[in-house]
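The values are calculated or read from the model by the stated rules, or taken from the named source; none is laboratory data. Bear in mind the structure is a predicted one, so any value in this text is a computation, not a measurement. We place every Cβ from the backbone using ideal geometry, glycine too, and count neighbours over all the protein chains shown. Areas reflect the complete protein model, heavy atoms only, side chains present, ligands, DNA and RNA absent. Shrake-Rupley method; radii C 1.70, N 1.55, O 1.52, S 1.80 Å.
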Amino acid sequence: MSSTRTAVRTHWVAVRAMLIFTAVLGIAYTIVVTGIGQLVLPAQANGSVVESGDEVVGSSLIGQSFTDADGEPLPQWFQARPSAAGDGYDGGASSGSNYGPENADLIAAIEERKAQVAEFNGVSADDVPADAVTASGSGLDPHISPEYARLQVARVADERGLPETEVAELVESRIQARDLGYLGEPTVNVLQLNLALAELG
Amino acid sequence: MNVLFAVIQAATLALILALLYRPLGDYMARLYSSDRDWKVERGLYRLIGVDPRAEQSWPAYLRGVLAFSVIGLLFVYVLQRAQAVLPYSLGLPAVPEGLSFNTAASFVANTNWQSYSPELTMGYTVQLAGLAVQNFVSAAVGIAVAIALVRGFARRGSGTIGNFWVDLFRGSFRLLLPLSVIGAIVLVIGGVVQNFNGFTEITTLAGNPQNLPGGPVASQEVIKLLGTNGGGFFNVNSAHPFENPTAWTSLFQNVLMLAIPFALPRTFGKMVGSNKQGYAILAVMATLYVLSLTALSALEAGGNGTAPELAGGALEGKEARFGIFGSTLFGTTSTLTSTGAVNSMHDSYTAVGGMMPMLNMMLGEVAPGGVGSGLYGMLVLAVIAVFIAGLLVGRTPEYLGKKIGPREIKLASLYILVTPTLVLAGTALSFAIPGIREDVEATSIWNPGVHGMSEVLYAFTSASNNNGSAFAGLTANTPWFNTALGVAMLLGRFIPIVLVLALAGSLAAQDRVPATAGTLPTHRPQFVGLLIGVTVIVTALTYFPVLTLGPLAEGLN
């Protein structure tokens, strides 16, 4: 057999193999997994959506911003981390800032955020935790640290005319421990905390 | 970072991998040694026109690998170019030529470098029929090549090293597919989405509009990790809560990335008839892994640098639910395998911390490395190590009863020269060619100063070693980077494969020489230490000068 014929034959084998793989590993496999997901675990498979009343207000896994139309933080809500996804928490454009550790823009942004968070909550800049002034990897981080949640209690309680102890208790009850007690970090889900807050009044 | 929790988390991962080592390794050894085909497989072999019992010489095996990869490249390219007329494309247009080439090369070469933002570029059909399929088969190709090399050591006086098509089908259908179905369901339980909903517009609690993405994510996510591919369904990869929702799914994703690469030494030991040889290779891989993980975790927890110190911790680009250790564990696993998935943004790591993923890739991704490519990379280094030991004592070196002669050493030496050449030449050319230099500096580089040089160095390191992770601030969707990185990925994948299969052929043809008193035992701690030293010296030191220009310069500032 000439080498050209061998090459043509081998490529023809490859084409047929690729068609089989596309049918089984691309199409059939995806349909089977989608079917199992939709039948057995529809809540997770469809994005763990959260409702308030009858309205879908988001996903418990995807962070959202609690700002007004101008992007200014609304004092009656617990605030999430800074976000580099689009104009902030854009679910269609997940992104980190990708700023390096010596980037002047990042350094300026952290300084500005630190001052803003301190003033907004009436605390000292030294008490502002790191997650409050850094953008997450995804830009869609649904969580903040318990420290950042506690820092916001007085402001939120004041704004809503609620006793501070009640809001503080709510925050403590919403702290998610590490998975299995040791994986990851303790967190507070901002959307779920704010939903519970809305129920308080 | 709580050190105790970090240690327990790492120990959990080690325990799971230890429990998988024997059953998974033995399963793969049986899978690739058995001469029994399933009935349905016999039907498929007839359909593609292959005799499953026909053994191939190394050139024939290589022809199969290359032909299959060329066809794969064309498939993925054409699918992207035809996106506008494909169903479930979310209204996205055809992917441009340069980006289509880059992406096709990337997924066929098991790299999964992404010059694009998936949610803005790739519809569901391209993702599942093009990219996910390559996630399976490019991984199966890598394992096949490693198995062929192991057969070279195991066989005596043989002109053949197996049948590529049989290895490809078995790896895809009997190894990766069943594990993926199980893994995908576990991920959905954790909250990874699996639907065809497209984007859903909702109104948030504060009254703002938000788009929630959908997609068949879990099915692609699992094979992205299990096949050490790394290409995310979303732009931010495993940092996205719909790809990696919780701290425990993140640990599970580490298991997926490491399971096969860490079990392959068992397969190797089984097939060459000495489990101890497998344990020696495992010990080398595990030692390097632990050292690297410790270094990166300490550096990120230390949080040196102007921005991290000002913020009070290196949390820029990291998710709250993973914390620092959940991020460094994932980053280490991803870059010591050839996965390249990220659950935190490497570009925002501390200066010297950001060097660790680069160093991991520069080691050649052998600790434990990509599926298949990690094992064959480490066995090539083992050949170099016995050669150096042989020089020291003045004896003809042998490994597993095979003489390491001039031909074997030439092939191994060429192997270890391929990626450094691509990395250093690619980086240098980006800054040396007039016209391109200006474009790289003005358009592509995101962070100013030496960090920008690191972004380019990281890109070529990632592409040439088939990793796929990035200092993602770099805008790589330009004619120069799409072309240069595409070529680097293909050469970085297939030149080593040619050399490994040639080595396999040359070893298989030899008889086995009996071990004598003068034979260097390759299953003892002494050899483990030697191989670790050789790995670090021949690979990492090649890059020391260029690292001083990038991350080290930044870190010392």
Item to check | Qualifying positions in the range A:153-201 - more than 20 Å from A:Ser48 (Cα to Cα) and of a type in the set (Ser, Thr, Tyr) | outcome: A:Thr165, A:Ser173, A:Tyr182
Checklist entry - From the list B:Val498, B:Val456, B:Val513, which residue is among the aliphatic types (A, V, I, L, M), over 22 Å from B:Tyr289 (Cβ atoms) and in contact with a strand residue (DSSP E or B) (Cβ under 8 Å, 6 or more places away or on another chain)? => result B:Val513
Item to check | Matching residues, the range B:186-209, being assigned to a helix (DSSP H, G or I), touching a residue at least 12 places away in the same chain (Cβ under 8 Å) and facing another protein chain (nearest Cβ under 7 Å) | outcome: B:Val188
Item to check | Flag for B:Asn466 being crowded, with 23+ Cβ neighbours inside 10 Å and farther than 25 Å from B:Glu408 by Cβ | outcome: no
Next on the checklist: Here is a check on your reading of the model: is B:Tyr458 of a type outside the set (D, E, K, R) and open to solvent by less than 20 Å² (accessible area, probe 1.4 Å)?
Outcome noted: yes
Next on the checklist: Take the residues in the range B:26-49 that are part of a helix (DSSP H, G or I) and acidic (Asp, Glu); name whichever of them is least open to solvent (accessible area, probe 1.4 Å).
Outcome noted: B:Glu41
Item to check | Hey, B:Val513 exposed (fewer than 15 other Cβ atoms within 10 Å of the Cβ) and not hydroxyl-bearing (Ser, Thr, Tyr) or not | outcome: yes
Checklist entry - Identify, please: which residue in the range B:50-80 is part of a helix (DSSP H, G or I) and among the polar types (S, T, N, Q) and is, among those, surrounded by the most Cβ atoms within 10 Å (Cβ to Cβ)? => result B:Gln80
Next on the checklist: If I filter the range A:106-114 for residues that are under 27 Å from B:Leu120 (Cβ atoms) and facing chain B (nearest Cβ under 7 Å), do I get at least one hit?
Outcome noted: yes
Checklist entry - In the list B:Leu336, B:Leu299, which residue meets the criterion of being touching a residue at least 24 places away in the same chain (Cβ under 8 Å) and within 30 Å of B:Ser138 (Cα to Cα)? => result B:Leu336
Next on the checklist: Of all residues being assigned to a loop (DSSP other than H, G, I, E, B) and hydrophobic (A, V, I, L, M, F, W, C) in the range B:426-446, which is surrounded by the fewest Cβ atoms within 10 Å (Cβ to Cβ)? Just the residue, please.
Outcome noted: B:Ile433
Checklist entry - Here are some conditions: (1) among the aromatic types (Phe, Trp, Tyr); (2) in contact (Cβ under 8 Å) with a residue 60 or more places away in the chain; (3) farther than 30 Å from B:Ala139 by Cβ. B:Tyr399 meets all but one. Which one does it not meet? => result (3)
Checklist entry - Would it be correct to say that B:Gly183 is more than 9 Å from every other protein chain (Cβ to nearest Cβ) and either open to solvent by 10 Å² or more (accessible area, probe 1.4 Å) or of a type in the set (Ser, Thr, Tyr) (or both)? => result no
Checklist entry - List the pairs whose first member sits in the range A:168-193 and is assigned by TED's automatic domain parsing to the domain that holds A:Ser60, whose second member is open to solvent by 40 Å² or more (accessible area, probe 1.4 Å) and part of a strand (DSSP E or B), and whose Cβ atoms are under 9 Å apart, counting only residues at least 6 apart or on separate chains? => result A:Pro186/A:Ile175; A:Pro186/A:Gln176; A:Thr187/A:Ile175; A:Thr187/A:Gln176; A:Val188/A:Ile175; A:Val188/A:Gln176; A:Asn189/A:Gln176
Next on the checklist: Conditions first: (1) within 7 Å of chain B (Cβ to nearest Cβ); (2) open to solvent by 20 Å² or more (accessible area, probe 1.4 Å); (3) in a loop (DSSP other than H, G, I, E, B). A:Tyr89 passes all but one, so which condition is the exception?
Outcome noted: (2)
Checklist entry - So which of B:Leu299, B:Leu251 is at negative phi, more than 20 Å from the chain's Cα centre (by Cα) and within 14 Å of another protein chain (Cβ to nearest Cβ)? => result B:Leu299
Checklist entry - What is the one condition in (1) out of contact with any Leu (no Cβ under 8 Å at 6 or more places or on another chain); (2) modelled with pLDDT of 95 or more that B:Leu31 does not satisfy? => result (1)
